[in-house]
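Enquirer: A single structure is presented below for examination.
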DNA sequence: AAAATAGATTGATAAAAATCAATTAACAGT
DNA sequence: ACTGTTAATTGATTTTTATCAATCTATTTT
């Protein structure tokens, strides 16, 4: 019981930290090293060249096809994951259904509380689109946290910011009615995940429902209601938020 | 959006870290220092005498009457709180109603994600019974995290363990039906908070409802059902779990 | 002891949301 | 183009849960 979580989906991160050329592994689209990576998260600017090299030497890149499971709740977690392309969902497998915790994209990395407890995953991840990601040894990350105070402090700050937005999510799921929760999900997708409006929704209706803590039929009905109220327009997977102010209002009212 | 939280209610902590004698403040029942405190949380065993002294010099003790608010969501948070006697509830003030995140007792301390972000509280705390607590300067804690690697690592571990149990709470609230959630709450109260069976429930029905994410009427009805099924016995505030196995089963089934 | 107050309980009802069943649409493979 | 498969949609219905109103109980105040 009790509440209040931890780490996990960073707002941004090492990115383009692509492939280390290794003859035995398939070669991907880019094989630069972390050292000259152009899209590093600010948190990594705390690191020396040597420290970045440590990360670089303990990573490898994999690709996932849409729908593939990246890791599964309960399994050992020797790596954290930096998304380099595509989207993935993070979800808890609960009683019969899933709770979608969030969606990660390039610039995000995935790190769970298990790394400081028993090195197991406490949630699952699956690719939503064809994706590539760097898998980095967790111990090298923990080593940096131990040895670089600035890095550790920045990490704590990111974890904390995450925690604060999580509170909002908990309140949304437990205290808002379905329209409010769907409004929150649409705002999240538009403003945080796809960063555009209109946007192409690459998640299924079931995923949207899992993100909002309801059945997929209910999620579809709320979307329909919003459509009829001219709050949004939907054509296939293209979602256009016509009235963002009203949507934010629905989010507030619950 | 997204999820997954942070810090906050530690499983155990500095305790009996009672009053520093200060003529200008009311004197409480004990004025030993942290240095010879008999009930320190294991995490503080990482600290040197000097480090403990730092905590000792930056704390003071207050008492709260039952029902009094200890701090309020949104206000600045210059201290973290070590409970030294009594019980307190931690809750988020949501849309019209509260979500009770957990109950703290002596050996617990309260620390929120705000300390690494904007030094504000993201939840409120109120005394459930007459209580005493040490308020300790947050910066001295953060300083220790920065300077003592072992302490920092232990802190991360505690935060992570907390996070893991939080996942269970999120799943309970979002995926279980009312009987499952009340079962979880009763198990939490018996096994974690009061550590006894039967136990004297010092929280109100409204608090129980807030802890389980439902209306107080619904909480009462589920208790009645459990009583009629001979799972529990209730006399006033005394709760006796007659069939813990069945209660755990209800928790599992949802 | 009587009155006042707040909390607990109960029943009746309404609202919210899930489930079930069926249909339609989209799409991959042949 | 046809077939099979999966996802999306819709309507009908049931289940779950909240709300409302009233009563009861315990406790405190006078």
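Enquirer: Using only the alpha-carbon atoms, how far is helix A:149-175 inclined from the longest principal axis of chain A? Give it as 0 to 90 degrees, nearest 10.
Expert: Relative to chain A, helix A:149-175 is tipped by roughly 20 degrees.
Enquirer: When the C-alpha atoms of region A:34-165 are aligned to their principal axes, what extent does each axis show, in angstrom, from largest down?
Expert: Rounded to whole Å, the extents work out to 45, 28, 26 Å.
Enquirer: Between 0 and 90 degrees, rounded to the nearest ten: what's the tilt of helix B:178-187 against the longest Cα principal axis of chain B?
Expert: Result, in degrees: 40.
Enquirer: What is the spin-label model distance, in nm, from residue A:206 to residue A:129 if the labels are put 7 Å beyond Cα along the C-beta direction?
Expert: Output for this residue pair reads 2.1 nm.
Enquirer: How high is the relative contact order of chain B, in percent, counting Cα pairs under 8 Å that sit 6 or more residues apart?
Expert: Relative contact order, chain B: 20 percent.
Enquirer: Using a ≥ b ≥ c from the Cα gyration tensor of region B:66-109 (square roots of the eigenvalues), is it rounded, prolate or oblate, where a/c under 1.5 gives rounded and otherwise the larger of a/b and b/c decides, a/b for prolate?
Expert: In terms of gyration-tensor shape, oblate.
Enquirer: Moving on to the next point. What fraction, in whole percent, of alpha-carbon pairs in region A:176-253 exceed 21 Å separation?
Expert: Taking all Cα-Cα pairs of region A:176-253, the fraction more than 21 Å apart is 12 percent.
Enquirer: Given only helices, namely DSSP H runs of n ≥ 4 each adding -39500 (n - 2.57), what is the per-residue ellipticity at 222 nm of chain A, to the nearest 500 deg cm²/dmol?
Expert: -10500 deg cm²/dmol
Enquirer: Return the FRET efficiency for the residue pair residue A:235, residue B:221: r is the Cβ-Cβ distance, R0 is 41 Å, and the value is rounded to the nearest 0.05.
Expert: That pair, residue A:235 with residue B:221, gives E of 0.35.
Enquirer: What angle, in degrees between 0 and 90 and rounded to the nearest 10, separates the Cα long axis of helix B:244-253 from the longest principal axis of the Cα atoms of chain B?
Expert: 80
Enquirer: Still on this structure: If I take R0 = 30 Å and measure r between the Cβ atoms of residue A:35 and residue A:245 in this structure, what FRET efficiency does the formula 1/(1 + (r/R0)^6) give, to the nearest 0.05?
Expert: About 0.10, to the nearest 0.05.
Enquirer: Given points 7 Å out from each Cα along the Cα-Cβ axis, report the residue A:252 to residue A:60 separation in nanometres with one decimal.
Expert: Here the modelled spin labels are 5.2 nm apart.
Enquirer: Right, here's the next one. Under a plain spin-label model, where a point goes 7 Å from the Cα along Cα-to-Cβ, how far apart in nm are residue A:146 and residue B:72?
Expert: Modelled inter-label distance: 4.5 nm.
Enquirer: Relative to the other copies, what are the label-point distances for residue B:238, with labels 7 Å from Cα along the C-beta vector, expressed in nm at one decimal and sorted shortest first?
Expert: So the label point of residue B:238 gives 7.0 nm to the other copies.
Enquirer: Report the relative contact order of region B:75-169, percent, no decimals, based on alpha-carbon pairs under 8 angstrom and at least 6 residues apart.
Expert: The value is 33 percent.
Enquirer: Further question: For the protein assembly as shown, what ratio Rg/Rh do Cα atoms give with a Kirkwood hydrodynamic radius?
Expert: Taking Rh as the inverse mean 1/r over Cα pairs, Rg/Rh reads 0.99.
Enquirer: Tell me, what is the FRET efficiency for residue A:118 and residue A:228 to the nearest 0.05, using R0 = 51 angstrom and their Cβ-Cβ distance as r?
Expert: Rounded to the nearest 0.05, the efficiency is 0.55.
Enquirer: Another question, then. If you take the Cα atoms of chain B, find Rg, then find the Kirkwood Rh from the mean of 1/r over all pairs, what is Rg/Rh?
Expert: Result for chain B is an Rg/Rh of 0.99.
Enquirer: Here's a follow-up. Report the antiparallel proportion of the DSSP beta bridges in chain A as a percent, rounded to a multiple of 5.
Expert: Restricted to chain A, the bridges split so that about 100 percent are antiparallel.
Values in this text are rule-based calculations from the coordinates and carry no lab data. Small disclaimer: the values here were computed from a predicted structure and weren't measured. Every residue, glycine as well, gets a Cβ built from its backbone with ideal geometry; the counts of neighbours run over all protein chains shown.
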